Amino acid sequence: MKCVDCQSHVFPPAYAELLMENSGFLRTEKTGRKYVVSFGPNFQMTLDPVAFEPTLKLRDMDDAAVDLGILSVNMPGPELLEPQLAARGARICNDYVAQLCGQYPDRFAGLGVLPLQNVAAAQMEMHRAINELGLKGIMLFSHAGGRSLDNPDFEPIYAAAEAQAIPLVLHPTCPAWAQAISDHAIIPMLGFMVDTSIAMLRIILSGILERYPKLSIVHPHCGGVLPYLMARVEEQTQVKKRGRHHITQSPAAYYANVYLDLASTSARTIEFACRSSQPDKLLFASDHPWIQIDAGQEALEQAEIDPQHKIKILRTNACRLFKL
């Protein structure tokens, strides 16, 4: 296996239709074949099912010489749905991903999603996704309907993930604070990256990685803004002693055990992420179909990185983490 793409998205047709039943914060309308998803009044995104078709994904993977794609359902996740729809939405998503993995076992592996509105239901769905459907990890969006990922309610999820060696992969969703950056399309430009960084920092500072040191977490898009700001986080916690109520080590020490996916079209960004992490904690990712696979490959190729490290980035680390 030469290349594993660790961030590749699908959008189940049945899930798209279920989104139209939701009447709360998240609303979806169909225009022709496309779905327009509104996250409250501050952000809209248009999803074209054709862009997510497996045959087109396989074509793009072949063109880019990607052997295997790790599939996850595109935002919005079921954690934003009304409670009576959430569990059904998660099952639809996970069944669809598992179906594709079964249909193309040499080309796809998958991540599950959870109905975090009900932690007991989320635990049951995580067990089903991993142990019955054979998915390789769980995707957690940067917040769960406004609840941060370090909410004590989610403690059983982290405990089970560590006990069963289930990787948890962070992914952006529309920030709960989206109103502050709703102008000028700043939400997808910057808001997504900041929101996953806040989520990751909350996971660290709340002591989740202190309590579950063997937990495997993937922070996407080169770690958002957190690698760039880690020196400031360290100064604040280590010198000024702020935010240290739940941790005994420095934030950087915990973050050293977090995987970074390198979904970026910038060689300089990838280089900085690589210098901020360890060779064994880096993963190639494209964010297909939002970004073409070869754009990320070109950036990685241009980045000044040890060739042996690139081998780990392209396949070795992913195979070990996701047990491929």
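Every number in this text was worked out from the coordinates using simple rules, so none of it is lab data. Just so it is clear, the model here is predicted, and its values are computed rather than measured. Don't worry about glycine lacking a Cβ; one is built from the backbone with ideal geometry, like all the others, and counts go over all protein chains shown.
Taking the criterion of being under 20 Å from the mean Cα position of the chain (by Cα) and surrounded by fewer than 20 Cβ atoms within 10 Å (Cβ to Cβ), the only residue of segment 102-117 that qualifies is Arg107.
Which residue is surrounded by the most Cβ atoms within 10 Å (Cβ to Cβ), if the candidates are limited to segment 10-40 and must be basic (Lys, Arg) and over 20 Å from Ala144 (Cα atoms)? Once the filter is applied, the top-ranked residue is Lys34. With respect to Ala178, determine if the residue is within 14 Å of the chain's Cα centre (by Cα), buried (at least 18 other Cβ atoms within 10 Å of the Cβ), more than 30 Å from Asp60 (Cα to Cα) and among the small types (Gly, Ala, Ser). Spelling it out, it is not the case that Ala178 is within 14 Å of the chain's Cα centre (by Cα), buried (at least 18 other Cβ atoms within 10 Å of the Cβ), more than 30 Å from Asp60 (Cα to Cα) and among the small types (Gly, Ala, Ser). Residues that are closer than 10 Å to Gly207 by Cβ and not polar (S, T, N, Q) were ranked within segment 245-254; the one that is farthest from the chain's Cα centre (by Cα) is His245. Exactly one residue out of Val194, Val169 is in a helix (DSSP H, G or I), among the aliphatic types (A, V, I, L, M) and within 24 Å of Tyr259 (Cβ to Cβ), and it is Val194. Output yes when any residue across segment 203-215 is among the aromatic types (Phe, Trp, Tyr) and under 17 Å from the mean Cα position of the chain (by Cα), and no when none is. Scanning segment 203-215, I find no residue that is among the aromatic types (Phe, Trp, Tyr) and under 17 Å from the mean Cα position of the chain (by Cα), so the answer is no. Take the conditions (1) surrounded by fewer than 16 Cβ atoms within 10 Å (Cβ to Cβ); (2) of a type outside the set (Asp, Glu); (3) within 16 Å of Met193 (Cβ to Cβ); Pro307 misses just one of them, which is (3). The helices (runs of 4 or more DSSP H) located wholly in segment 222-287 that include 3 or more residues which are surrounded by fewer than 20 Cβ atoms within 10 Å (Cβ to Cβ) occupy 226-234, 267-276.
Restricting Leu135, Leu149 to residues that are under 15 Å from the mean Cα position of the chain (by Cα), surrounded by 20 or more Cβ atoms within 10 Å (Cβ to Cβ) and farther than 22 Å from Tyr96 by Cβ narrows the list to Leu149. Within segment 41-54, the set of residues being assigned to a strand (DSSP E or B), surrounded by 14 or more Cβ atoms within 10 Å (Cβ to Cβ) and touching a strand residue (DSSP E or B) at 6+ places or on another chain (Cβ under 8 Å) comprises Gln44, Met45, Leu47.
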